[in-house]
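Colleague: I am attaching a structure below and will ask some questions about it afterwards.
The values are calculated or read from the model by the stated rules, or taken from the named source; none is laboratory data. What you see is a predicted model; the values in this text were computed from it and never measured. Positions of Cβ are backbone-derived with ideal geometry, glycine not excepted, and every protein chain shown enters the neighbour counts. The accessibility values were calculated without ligands, DNA or RNA, using every heavy atom of the protein model including side chains. Shrake-Rupley method; radii C 1.70, N 1.55, O 1.52, S 1.80 Å.
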Amino acid sequence: MNSSNPLGLSDQDKGGAFFLYGEDAFRKEAAGRALVDWHVDPGTRDFNFDLLRGSEITVESLASILATPPMMAEWRVVLLREVEGLASSSLAREALVEVATDPPPGLALIMLATIPGGSKAKFYQKLKRATRSVEFPEIGANDVPGWLVDWASTEHGVEMTEEAARALGGAVGTDLGVLAREVEKLASMVGEGNPISLEAVRRAGTHIPTQDRWEWMDLVGNREFSKALKGLPVLFSQGESGVFLTMGLATHLLRLGLVRSGGKGALEQALPYHQKWLAPRLARQADRWSVSDLQHALKGLKRVDRVLKSSSIPEDHVLEEWLLG
């Protein structure tokens, strides 16, 4: 996260209230720290920066801190974590919404929250409307390789190949904190000016799955069904589930269908930011399928999903039958 321009903001956007929310604690915290560094004067940090937690602060202390002007600096910065810890107090809710709506001069209030699932509380909606708000949803497995490539470039100034990112994501999962530490280690290992390659990931001692799930999806997309059949038992031995693989295949084939109907541009527009790197690869795969082939395959996957959820037939047998068909 670039502290000189966090969230794509300009100097004219400094000050006021920011509301960062969502399940992804790593990206949310990184954005919060970047906003703090963007505003705070290092020379007067001890006087002008307060780190608070909603689960620990009293309403009276919060109100006093928010009303304190900056000392010998342009901004007083307050980073308030766990805003949800104040949601049960009507006085706290009113105080935060009031400050967020009309922040005093010189205040930069940065609020971090994990909104309870299914919550429709007006408090959070008011904060979203009154602030510069950004959601950080939990990142999915398909977003990990793209995120890794971006993180390596922006945080360490090093190129990370798609193959290396996919291998590391397959080995570690979606814990961005762990992934960030692995990238830091790899960037240091390869040295300045050298890319983080698949071989570098191997040299670092990372346990790379013998069957990469993304590579396996590509086998199906390329209609290399015999190779996909050989890799299927390996995926299951690595802990993959039939339902997860079926959902992944359906998404993969629907994207191929989008290329067939609207071209590569339509796919690029539809892909989430961290998955746009997939567009060239999927466009090449789409050339191997007709629209009727894709419709037939997706209809079969619908049946696979139903069988997996309602019968005791082994998962690998159900997917093997679909691949053979």
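Colleague: Going through the stretch 229-266 one residue at a time, which ones are of a type outside the set (Gly, Ala, Ser), within 19 Å of Ala286 (Cα to Cα) and exposed (fewer than 15 other Cβ atoms within 10 Å of the Cβ)?
Modeller: So in the stretch 229-266, the residues of a type outside the set (Gly, Ala, Ser) come out as 229-230, 232-236, 238, 240, 243-247, 249, 251-256, 258-260, 264.
Restricting the remaining residues to those that are within 19 Å of Ala286 (Cα to Cα) gives 246-247, 249, 251-256, 258-260, 264.
Of everything in the stretch 229-266, those that are of a type outside the set (Gly, Ala, Ser), within 19 Å of Ala286 (Cα to Cα) and exposed (fewer than 15 other Cβ atoms within 10 Å of the Cβ) turn out to be Met247, Thr251, Leu254.
Colleague: Condition first: open to solvent by 20 Å² or more (accessible area, probe 1.4 Å), more than 27 Å from Leu235 (Cβ to Cβ) and not hydroxyl-bearing (Ser, Thr, Tyr). Now tell me which residues in the stretch 131-174 satisfy that.
Modeller: Result: Arg132, Val134, Glu135, Glu155, His156, Gly157, Glu159.
Colleague: Let me ask something else. Within the stretch 108-149, track down each residue that is assigned to a helix (DSSP H, G or I) and within 21 Å of Val183 (Cβ to Cβ). Talk me through it step by step, then tell me what you get.
Modeller: Here is the first cut: in the stretch 108-149, the residues assigned to a helix (DSSP H, G or I) are 122-130, 141-149.
Ala141, Asn142, Asp143, Val144, Pro145, Gly146, Trp147, Leu148, Val149 - these are the residues of the stretch 108-149 that are assigned to a helix (DSSP H, G or I) and within 21 Å of Val183 (Cβ to Cβ).
Colleague: Taking only the stretch 291-316 into account, find how many residues are surrounded by fewer than 11 Cβ atoms within 10 Å (Cβ to Cβ) and either closer than 19 Å to Gly239 by Cα or hydrophobic (A, V, I, L, M, F, W, C) (or both).
Modeller: Adding up the residues that qualify gives 2.
Colleague: If I filter the stretch 289-309 down to residues being among the aliphatic types (A, V, I, L, M) and touching a residue at least 24 places away in the same chain (Cβ under 8 Å), which single residue comes out as nearest to Phe225 (Cα to Cα)?
Modeller: Step one: filter the stretch 289-309 for residues among the aliphatic types (A, V, I, L, M), giving 291, 294, 297-298, 301, 304, 307-308.
Among the residues that remain, those that are also touching a residue at least 24 places away in the same chain (Cβ under 8 Å) are: 291, 294, 297-298, 301, 304, 308.
Numbers: Val291: 18, Leu294: 14, Ala297: 12, Leu298: 15, Leu301: 15, Val304: 17, Leu308: 20 Å.
Looking at the filtered set, the residue picked out is Ala297.
Colleague: Shifting gears a bit: Regarding Leu271, is this residue open to solvent by less than 60 Å² (accessible area, probe 1.4 Å), within 21 Å of the chain's Cα centre (by Cα) and closer than 30 Å to Glu159 by Cβ?
Modeller: On the way: open to solvent by less than 60 Å² (accessible area, probe 1.4 Å): yes; within 21 Å of the chain's Cα centre (by Cα): yes; closer than 30 Å to Glu159 by Cβ: yes.
In short, yes.
Here is a yes/no grid of residues against (1) closer than 30 Å to Val190 by Cα; (2) among the aliphatic types (A, V, I, L, M):
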position: Pro104; (1), (2): no, no
position: Leu112; (1), (2): no, yes
position: Gly117; (1), (2): no, no
position: Lys122; (1), (2): no, no
position: Ser133; (1), (2): no, no
position: Phe136; (1), (2): no, no
position: Gly140; (1), (2): yes, no
position: Gly146; (1), (2): yes, no
position: Ser153; (1), (2): yes, no
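Colleague: Something else: Identify, please: which residue in the stretch 175-194 is open to solvent by 60 Å² or more (accessible area, probe 1.4 Å) and within 19 Å of Ile208 (Cβ to Cβ) and is, among those, modelled with the lowest pLDDT? Give the derivation first.
Modeller: Within the stretch 175-194, the subset open to solvent by 60 Å² or more (accessible area, probe 1.4 Å) is 175, 181, 184-185, 188-189, 192-194.
Remaining after also requiring within 19 Å of Ile208 (Cβ to Cβ): 175, 181, 184-185, 189.
Details: Asp175: 87, Arg181: 90, Glu184: 93, Lys185: 93, Met189: 94.
Of everything passing the filter in the stretch 175-194, Asp175 is modelled with the lowest pLDDT.
Colleague: Scan the stretch 196-210 for residues that are surrounded by 13 or more Cβ atoms within 10 Å (Cβ to Cβ) and in a loop (DSSP other than H, G, I, E, B) and report the count.
Modeller: Residues that pass the stated criteria total 5.
Colleague: Consider Glu163 against the criteria (1) part of a helix (DSSP H, G or I); (2) within 24 Å of Ala270 (Cα to Cα); (3) within 12 Å of the chain's Cα centre (by Cα): it satisfies all of them except one. Which criterion is unmet?
Modeller: (3)
Colleague: Considering only the stretch 253-312, how many residues are of a type outside the set (Lys, Arg), touching a Gly at 6+ places or on another chain (Cβ under 9 Å) and over 19 Å from Val220 (Cβ atoms)?
Modeller: Total meeting the criteria: 5.
Colleague: Out of the residues in the stretch 255-288 meeting the condition of being in contact (Cβ under 8 Å) with a residue 24 or more places away in the chain and among the polar types (S, T, N, Q), tell me which one is nearest to Ile139 (Cα to Cα).
Modeller: Ranking the qualifying residues of the stretch 255-288, first place goes to Gln275.
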